[in-house]
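Everything on this sheet refers to the single structure shown next.
Laboratory data are not the source of any read-out in this text; all were calculated from the coordinates shown. Because the structure is a prediction, the values reported are computed rather than measured. Cβ: placed from backbone, ideal geometry, glycine included. Neighbour counts: every protein chain shown.
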Amino acid sequence: MVFIPGGSLQVSGGSSPTFIPTEELANTSQVVYVSLNYRLQAFGFMALDVISETSIRNTSGNYGFMDQVAVLNWVQEYITSFGGDPNHVTIFGQSSGGTSILALLASPLAKGLFHKAWMLSASPIMNKTYSDAANDNLVFLKRTGCTNITCLYDMSAEDITKAVPWDIYPYWAMSDQSDLPVLNHFDGAIAIVDGYLLPDNPYTVFQNGEGNDVPLIIGTTAQEIDFHPAPPNIKNWTLDDYRNYVAEKLGTFQGKTKDIVNQALQLYPINSETLEYAFTSMVSDLRVTCPNEVMAKDIALFYTSDVYRYVVTSRPSQPIHLFGNPFAAAYSMHTWDLLGFFGTIKDYLPLKQSDIMFQNNIRQEILAFVRTGKPYTWTWGNVWKKTALLGNVTEIADGFNSPQCQFWILTAKMLPYAWIN
């Protein structure tokens, strides 16, 4: 199993504590794990004409994905020396690592290098053309003061990083991804259709039968953004605070989607759960859950291999702090499935029975998939038929939050506001 770490294609790596395969996991599962680093931010994904002019392929960007392909080629050549089997390679990645899986599924450079894939909390959007990205990134070039590649090569890594457009479009900081969208505010794409590693929009590649057609699991967590929701005081919200915040953000779409605010509030009422639960469920559905459902079904349309879909409904036995955030995540947040599989929940809280049961359950499902191409629970069918709800046990459902997804995708047409990168 080859693990591709996340971090918005900007940060983190293959040796980040608690977010990498562990010795305990390898011993328990009897699987050989490979964790990798790849180039990030400007060094891994900057597309510019002044760079393309020096390329034999007359393009630029997506170098980080090329690093991932290089690792997969290394695995084919050398993994037998570590007890692995080059004919049974499963790639998996979380967050932008999951987005990387989407790129590799559509890349001709990765053909034959893996045989199954597991995508966790990915961005389903990868349609920015090279020419548009190169134009967007001119603000970076202006900040560097450079007009040619030699000048860029002479800059320090620190100065390159400072020149990245974190705070202006294309907003490489992507600071709004854990919040409700505002009409016509988009973050720019870092992963692009470069014409080489990614010859076209992935869904066009799949439709043309040119993708890497392998068994695939696509997973998300029910409250993805609960690790760091945008409103800093959400745990102290009143009902009016909740309603006013939703109205402030979604009200910008009022002319586009009639009564969008009231419809959204009706779909996420305050019952036995908290305002934090309602808000993080709302944003997670809009930004992640429902777009991933669309992605899974679109891929399944063109794949002969099975495409499986799950949503994690488990939550930690007590609130935890992730990524050094002061916010205490109480629900099924981003990375919860990864921590369960890696067995690193114990690094965040004293394990209780529910934590152990979830960890055992997700391992059982995924390791069966790795060995057979099918999850452990035999009733978990293709995404067009069933969705698995992963908690302490696996429940098989016809879908997850289907009325909410129908509203966000079909009525409000929010797919363009899905997570990106």
Estimated FRET transfer efficiency (Gln263, Ser16; beta-carbon r; R0 51 Å; 0.05) | 0.80
Where chymotrypsin sites (Phe, Trp or Tyr not before Pro) in DSSP loops with at most 13 other Cβ within 10 Å are excluded, longest remaining stretch of the chain = 1-377
About the Cα centre of the range 2-417, what is the dipole size in debye to 20, counting +1 per Lys and Arg Cβ and -1 per Asp and Glu Cβ, all else neutral?
-> 540 debye
For the range 257-282 and the range 57-136, write down the distance between their C-alpha centroids in whole Å.
-> 36 Å
Which one of Gly97, Leu286, Phe19 is farthest out on the positive end of the charge dipole of the chain, using unit charges on Cβ (Lys, Arg +1; Asp, Glu -1) and the Cα centre as origin?
-> Leu286
Amide H contacts under 5 Å for Val34, restricted to residues at least 5 apart in sequence or on another chain and with H modeled in the peptide plane, are Val2, Phe3
Quarter of the surface of the C-alpha convex hull for the range 20-109, i.e. direction-averaged projected area in nm², equals 7.0 nm²
For n ≥ 4 DSSP H runs only, could you compute -39500 (n - 2.57) per run for the chain, divide by its residues and tell me the 222 nm figure to the nearest 500?
-> -10000 deg cm²/dmol
When all C-alpha to C-alpha distances in the range 67-177 are sorted into bins of 5 Å, what percent of pairs does each bin hold, rounded to whole numbers?
-> 2, 10, 15, 15, 15, 14, 13, 10, 5, 1, 0
Rh_Kirkwood(the range 296-421) over Cα pairs, Å, one decimal, evaluates to 16.1 Å
For the range 56-118 the trypsin sites (Lys or Arg not before Pro) that pass both the DSSP coil test and the at-most-14 other-Cβ-within-10 Å test are Arg57, Lys111
For the range 291-409, with only Lys/Arg (+1) and Asp/Glu (-1) charged at the beta-carbon, what is the dipole magnitude about the Cα centre, in debye rounded to 20?
-> 180 debye
Amide H of Val312: which non-local residues (sequence gap of 5 or more, or other chain) have their own amide H closer than 5 Å, using H built in the peptide plane?
-> Thr220, Thr221, Ala222, Leu390
Could you work out, for the chain, what percent of all Cα-Cα pairs fall into each 20 Å distance bin, beginning at 0 Å and stopping at the bin that holds the largest distance?
-> 27, 59, 14, 0
Trypsin sites (Lys or Arg not before Pro) within the range 296-365, DSSP loop, no more than 13 other Cβ atoms inside 10 Å | Lys352
When the charge dipole of the range 145-264 is computed with +1 at the Cβ of Lys and Arg and -1 at the Cβ of Asp and Glu, the Cα pointing farthest to the positive end, of Gly195, Ala264, Val214, is that of Ala264
Can you give the longest stretch of the chain with no exposed loop site, where a site means GluC sites (Glu not before Pro) in a DSSP loop (not H, G, I, E or B) with at most 16 other C-beta atoms within 10 Å?
-> 54-209
Using a cut-off of 19 Å between alpha-carbon atoms, which aspartates and glutamates can reach Lys413, once sequence neighbours fewer than 8 places away in the same chain are excluded?
-> Asp176, Asp179, Asp187, Glu248, Asp259, Asp285, Glu293, Asp298
Between the alpha-carbon centers of the range 374-421 and the range 19-33, tell me the distance in whole angstrom.
-> 28 Å
Lys142 versus Ile270: modelled label distance in nm, points set 7 Å from Cα along the beta carbon direction = 4.5 nm
Which percent, nearest 5, of DSSP beta bridges in the chain are antiparallel?
-> 15 percent
Based on a Kirkwood Rh over C-alpha pairs, give the Stokes-Einstein translational diffusion coefficient of the range 1-150 at 10 °C and viscosity 1.306 mPa s in µm²/s.
-> 96 µm²/s
Per-residue HN-Hα couplings for the range 96-105, Karplus 6.51 cos²θ - 1.76 cosθ + 1.60 at θ = phi - 60°, whole Hz, x for Gly and Pro?
-> 5, x, x, 4, 4, 4, 4, 4, 5, 4
